[in-house]
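Working notes, structure below.
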Amino acid sequence: MESTPTVLRQLRGAQKSAKGVSLYSRYVNRPAGRIFAVGAYRLGMTPNQVTLVSAAFTFTALAGVALVRPGAWLAVLVYLGLAVGFALDSADGQLARLTGRGGPDGEWLDHVVDCAKVILVHTAVLISFHRWFGLPGDGWLLLPLGFLFVAVLTFCAGLLREQLGKAAARGAEKAPEAPAPPSRLRAVALLPADYGVFCLVFLLLGDETAFRYGYAVLAAVHALFLALFLAKWFRELKALRAH
């Protein structure tokens, strides 16, 4: 088996494009995923097994949000579980590209886990609000529902944009254009919409007021990004039709 430095070099050369990726994913999550991918490779794990381990970390952390009274120690454990789960979510794809063992089944499983994560993270917050929080009013229970709507719509619309774009590219006869270099300004602007940055709000779980308002701010930011993304994706798909 190849040495760890050799595997790391191979993984660095097998990264997905940095275009449209925030600074957190580019400089924190992907490098962390690379370390996990090396460990999984040396253990002989398959990409699908890494996906399932990622799901175990994420769903265990979310179960803690829903079932355990908020506190400082829970906040740290939940954040670590979500952050590790997110890094492993990057590792499965990197391992697949390294070993050539990826396939439609792996892509399907990855999207199923991602969809479940999007749904459950806000469902867990809703349950926690209802069970543990001394909310000023019942209207606060609508916040996780609204955030859930925004998150699911963003996930589904983005996935459809990606798949329809690929289908249009396959049907086009012109040669593919060289990709533009990733924009650092765009990478900074995308930070508030990054799942890894969203996970940071759970560090506030020990303070009910701080968590509620931090979560509310992120919900508003994600709603704004959804509006911008929908307009952008519609324009892009309309332009593809013209070709």
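Tabulated results
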{"item": "Residue satisfying condition, being at pLDDT 90 or above, over 18 Å from HIS111 (Cα atoms) and within 15 Å of the chain's Cα centre (by Cα), within set GLY20, GLY81, GLY44", "result": "GLY81"}
{"item": "Among the candidates LEU98, LEU120, LEU109, residue that is farther than 21 Å from VAL221 by Cβ, open to solvent by 10 Å² or more (accessible area, probe 1.4 Å), at pLDDT 95 or above and of a type outside the set (Gly, Ala, Ser)", "result": "LEU109"}
{"item": "Single residue of region 28-61 satisfying the filter (open to solvent by less than 70 Å² (accessible area, probe 1.4 Å) and of a type in the set (Ser, Thr, Tyr)) that is nearest to GLY102 (Cα to Cα)", "result": "THR46"}
{"item": "Pair list, Cβ under 6 Å, 6 or more apart: region 202-231 residue among the small types (Gly, Ala, Ser), other residue surrounded by fewer than 16 Cβ atoms within 10 Å (Cβ to Cβ)", "result": "GLY206/GLY71; GLY206/ALA72"}
{"item": "Test: residue in region 139-152 that is of a type outside the set (Asp, Glu), assigned to a helix (DSSP H, G or I), within 13 Å of the chain's Cα centre (by Cα) and within 21 Å of PHE198 (Cβ to Cβ)", "result": "yes"}
{"item": "Residues of region 199-215 that turn out to be in contact with a helix residue (DSSP H, G or I) (Cβ under 6 Å, 6 or more places away or on another chain) and part of a helix (DSSP H, G or I), as a count", "result": "9"}
{"item": "Condition check for PHE129: part of a helix (DSSP H, G or I) and under 18 Å from ALA56 (Cβ atoms)", "result": "no"}
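The values are calculated or read from the model by the stated rules, or taken from the named source; none is laboratory data. Not measured: the values here are computed from a predicted model. Here Cβ is always computed from backbone atoms with ideal geometry, including for glycine, and neighbour counts include all displayed protein chains. Note: accessible area is taken over every heavy atom of the protein model, side chains too, but ligands, DNA and RNA are not part of it. Shrake-Rupley method; radii C 1.70, N 1.55, O 1.52, S 1.80 Å.
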